[in-house]
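Notes to accompany the following structure.
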Amino acid sequence: MRTAIVAGSTGLIGSQLTGLLLEGDDYEKVIVLSRKPIDIKHPKLDNLVVNFDRLAEYGDALTGDDIYCCLGTTIKVAGSKEVFYKVDHDYPVALATVTKSFGAKQYLIVTALGSDKNSSIFYNRVKGEVEEDLKKVGFESLHILQPSMLMGPRKEKRQGEEIGQSVMQVLGFLIPKKYKAIESLKVARAMLALARLKKQGIHTHHSADLQNY
């Protein structure tokens, strides 16, 4: 029985990915990690309410084949750089470490276009650091997806992103494919499609490539 584990299922990409996993035939069980119970019912769904600061304590409840990490926040929502770093770096790395110890083979994570551990921009630097630290965990297959600005039905309003999306829509034809805004559903589809390949090694997928999904 193949099992998927999803972290960040209430976010833009995570919610759409969870829907794809539940509707498809790739997994008999989909474990969704969340801080609070989610409002989804499905025969394949197992909602595990966790404290992400203490993931190691959940033991073999975190046993799965493929791990999908869609965790992410903003400094505004997080309230500080320290909390942002915890959500966007520490939690994904802890999830990788624990699930790898229980036999997970694949790890797929959404970071961002421009991620760079040496960047002077805090956001990009954190995304780059999490990528580098995940490479050290030792998964048979690691897929890093780096989308540009995301388009889609967000639950929370982000004024800056709304303005950016409007500009992208009007001037999109002038913007190189690498930087074009991308529909969140395309990223969710890409995660599932890449997992199906079971391709060993470390693979980075840029936003221009993700547009094809």
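Quick note: the coordinates plus some simple rules give every number you see, no bench work behind them. Small disclaimer: the values here were computed from a predicted structure and weren't measured. Neighbour counts run over all protein chains shown; Cβ positions are idealised from the backbone, glycine included.
The figures follow:
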item	result
Computed [θ] at 222 nm, helices only, for the chain once each DSSP H run of length n ≥ 4 contributes -39500 (n - 2.57)	-10500 deg cm²/dmol
Proximal charge balance of Arg196 [Cβ under 14 Å; K/R count +1, D/E count -1]	+1
Computed over the stretch 3-210, Kirkwood Rh from alpha-carbon pairs, angstrom	17.3
Mean projection area, nm², convex hull over Cα of the stretch 62-131	4.7
Sparse-neighbourhood loop sites, trypsin sites (Lys or Arg not before Pro) in the stretch 22-66 - DSSP loop, at most 12 other Cβ within 10 angstrom	Arg35, Lys41
Rule-of-thumb Rg ratio for the stretch 1-84 [Cα; 2.2 N^0.38 Å; N residues]	1.12
Computed E for Tyr179/Lys199 - FRET, C-beta separation, R0 30 angstrom, nearest 0.05	0.70
Nearest-0.05 FRET efficiency for Ser80 and Glu140, computed from C-beta distance (R0 25 Å)	0.10
Spin-label model distance (nm) - Asp26 vs Lys44, 7 Å beyond Cα toward Cβ	0.9
Within the stretch 3-210: Cβ-based charge dipole about Cα centre, in debye rounded to nearest 20 (Lys, Arg +1; Asp, Glu -1)	440
